[in-house]
Amino acid sequence: MNNTKISEHIISEHISVKDLNTLQQEVKSLRMEISRLQMENCDLENSLLTAVEHGDLVEDELLEVNKKLKGEIIERKMAQATLQSILEIVYRDKNDLEIMLATATEHGDVIEYEQYNRAVEAMRESEEQLRQQASLLEHRVEQRTRELNEAKEIAEAASLSKAAFLANMSHELRTPLNAILGFAQLMLYDQELNEQHQNDLQTICNSGNHLLTMINDILEMSRLEAGGVLLREKECYLYDIVDTARDMLALKADEKKLLFDFNIHPDSPEYIYLDDGKLRQILINLISNAIKFTDAGHVYIRVFPEGLQSIDQQIDQESSKDHRFLCFEVEDTGLGISELETLTLFQPFVQTDSGRRSQEGTGLGLSISYNYVKLMDGQMSVTSKVGSGSTFRFTIPIKSLDLFSKDAPIKSTNRVIGIEKSQPPYRILIAEDVRLNRQLLTRILLPLGFEVREVSNGQDAIAVWQSWSPHLIWMDVRMTILNGHEATAAIRGIESERGISASQKVKIIALTASLVDLREEDLYLHGFDGFLSKPFTEDKLFARMSEHLKLQYIYSH
């Protein structure tokens, strides 16, 4: 059949593919043949339909013609399918050949078969290059991943080393500072010292406290970076927090003859629920900086509910009850800060130009305050102009506690000189491996009428507790033979075995000079009732004892 010959001819041409022009002509002929067959098929179908409609053919002839037509249609469809398959074989080699042929047909361009071969070879080379580049990139990614993992391991090891170093340094620095500051404070109470000696001792105390502040800042920044600082929220009295900051810094302001004024808006809640220690530290840092960099003028501290533009603004009393944010502003007329410096002001170890000239501090106070505010879900900002002063503002969410008793405890600024005679004599055990720290505690407690005994390790502390039954134990955390954690856990275990009630159990307060790895939760799990960090002051010591033994003190007048 003519179709079969055409198919064999085209297939042989496709297999050899020697002359592109001949191939194009064959393709064109095939397309024309398909079109002719389709037209003839269409004509036959139309004729059949016309005959049926007009009744020109009898039934038998119609059936015979219909049979022949069906056979012809099947044959033509098979031929059409064969031609279609041949065309698919021609175009199956490469999509690029089909594009080239289409382009050549449209534009009449002559494309050499060698060009096609070169194009295919170029594609193969490109694919090989891509595979090589992908392999190289994969190798580099694996190498970079290994490097990053190694760097991560080194960083983690360095972080652990840093934490261990800071914990050790915290203990090593705070332990001698505890003795220095403690004995210096005791000597300040000696009325026989002349004025010069009193001034010298005060200088020692001031310098020691300044050193302690720097140590605390460095350690606290490290804890903030490691995410080890937690909020210790509790019920507190707003006026106490503000008064403490004012009392601590009023003398510095007086020495520079600055106007030093605090103003708490009457709509501010008196009783709130937050971390009072961190709020107090934020205020102390900001106010201390304001005084340090202000030589003349004023330092104003304002506290007011969010929404008030100034402390004197009058607002509706009913709406003010629902304020959930409290704003604090510290305004000064000091040296001011340039706009460029404000961009990095809250970063660790960053100091302004005036701060560097003062040669004071570590550049951590503002960073710690800023991070404390963030930890409390608040915000801090600064507005300043060189030569005109600065205003630091921070806003924190608060919980107002209207149900609290408004009988705020009255603080005494006088020194504790004894305990009320109506109280029984209390036995106090000191477990501390550093002799000077034991002597310091004994010197503080004995004159007040306490019975005091000393031991240098946890094992002796357990023995004395069993034989002497002290009311309270000051337990150092780090000791030889048996440390404070182990000794306290052992005592609590013995108490449980003996069925001693909670009210009759000995009070144990941890003494620690290391705050880097300190977790209050761990202390309570080991059986401690509280803790006191070194170096400590008499006031803090007596406050802890009063808290756990319900002591009533006698104060000097």
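For first residues located in segment 465-479 and more than 17 Å from K540 (Cβ to Cβ) and modelled with pLDDT under 95, partners that are among the polar types (S, T, N, Q) and assigned to a strand (DSSP E or B) and lie 6+ apart or on another chain with Cβ distances below 9 Å form the pairs R478/T512. Within segment 362-395, restricting attention to residues that are of a type in the set (V, I, T) and in a loop (DSSP other than H, G, I, E, B), the residue that is most open to solvent (accessible area, probe 1.4 Å) is V386. Taking segment 322-347 as the range and being part of a strand (DSSP E or B) and loosely packed, with under 14 Cβ neighbours inside 10 Å as the test, no residue passes. Residues that are at pLDDT 90 or above, in a loop (DSSP other than H, G, I, E, B) and open to solvent by less than 10 Å² (accessible area, probe 1.4 Å) do not occur anywhere in segment 295-306. Considering only residues that are of a type in the set (S, T, N, Q) and assigned to a helix (DSSP H, G or I), which ones fall in segment 254-294? Once the filter is applied, which keeps residues that are of a type in the set (S, T, N, Q) and assigned to a helix (DSSP H, G or I), segment 254-294 yields Q281, N285, S288, N289.
From the list I491, I509, I462, the one residue that fits, being more than 20 Å from V434 (Cα to Cα), free of Cβ contacts under 8 Å to residues at least 40 places away in the same chain and surrounded by 18 or more Cβ atoms within 10 Å (Cβ to Cβ), is I491. All told, A463 falls short of being in contact with a helix residue (DSSP H, G or I) (Cβ under 6 Å, 6 or more places away or on another chain), over 17 Å from Q185 (Cβ atoms) and part of a helix (DSSP H, G or I).
Among the residues of segment 188-199, the one identified as farther than 18 Å from I444 by Cα, part of a helix (DSSP H, G or I) and either in contact with a Gly (Cβ under 9 Å, 6 or more places away or on another chain) or open to solvent by less than 70 Å² (accessible area, probe 1.4 Å) (or both) is Q198.
Here I481 meets each of (1) part of a helix (DSSP H, G or I); (2) over 24 Å from I215 (Cβ atoms) with one exception, condition (1). Would you check if I430 is open to solvent by less than 60 Å² (accessible area, probe 1.4 Å), among the β-branched types (V, I, T) and within 29 Å of F165 (Cα to Cα)? So I430 passes the test. The condition (being over 36 Å from the mean Cα position of the chain (by Cα) and either at pLDDT 80 or above or open to solvent by less than 50 Å² (accessible area, probe 1.4 Å) (or both)) is satisfied by just one residue among E235, E255: E255.
Within segment 171-187, the residues that satisfy the criterion of being closer than 20 Å to T442 by Cα and surrounded by fewer than 17 Cβ atoms within 10 Å (Cβ to Cβ) are P176, F183, L186, M187.
Quick grid of which residues meet (1) of a type in the set (D, E); (2) surrounded by fewer than 14 Cβ atoms within 10 Å (Cβ to Cβ); (3) closer than 18 Å to Y426 by Cβ; (4) at pLDDT 85 or above:
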{"position": "S496", "(1), (2), (3), (4)": "no, yes, no, yes"}
{"position": "F536", "(1), (2), (3), (4)": "no, no, no, no"}
{"position": "F542", "(1), (2), (3), (4)": "no, no, yes, yes"}
{"position": "S556", "(1), (2), (3), (4)": "no, yes, no, no"}
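Do the conditions hold for F531, that is, is it of a type in the set (F, W, Y) and outside any strand (DSSP E or B)? Judged against the criteria, F531 is not a match. Among the residues of segment 417-427, those that are under 29 Å from N457 (Cα atoms) and open to solvent by 10 Å² or more (accessible area, probe 1.4 Å) comprise I419, P424, P425, Y426, R427.
The values are calculated or read from the model by the stated rules, or taken from the named source; none is laboratory data. On a predicted model such as this, the values are computed, not experimentally measured, just so you know. Here Cβ is always computed from backbone atoms with ideal geometry, including for glycine, and neighbour counts include all displayed protein chains. Just the protein is used for accessible areas: all its heavy atoms, side chains included, with ligands, DNA and RNA removed. Shrake-Rupley method; radii C 1.70, N 1.55, O 1.52, S 1.80 Å.
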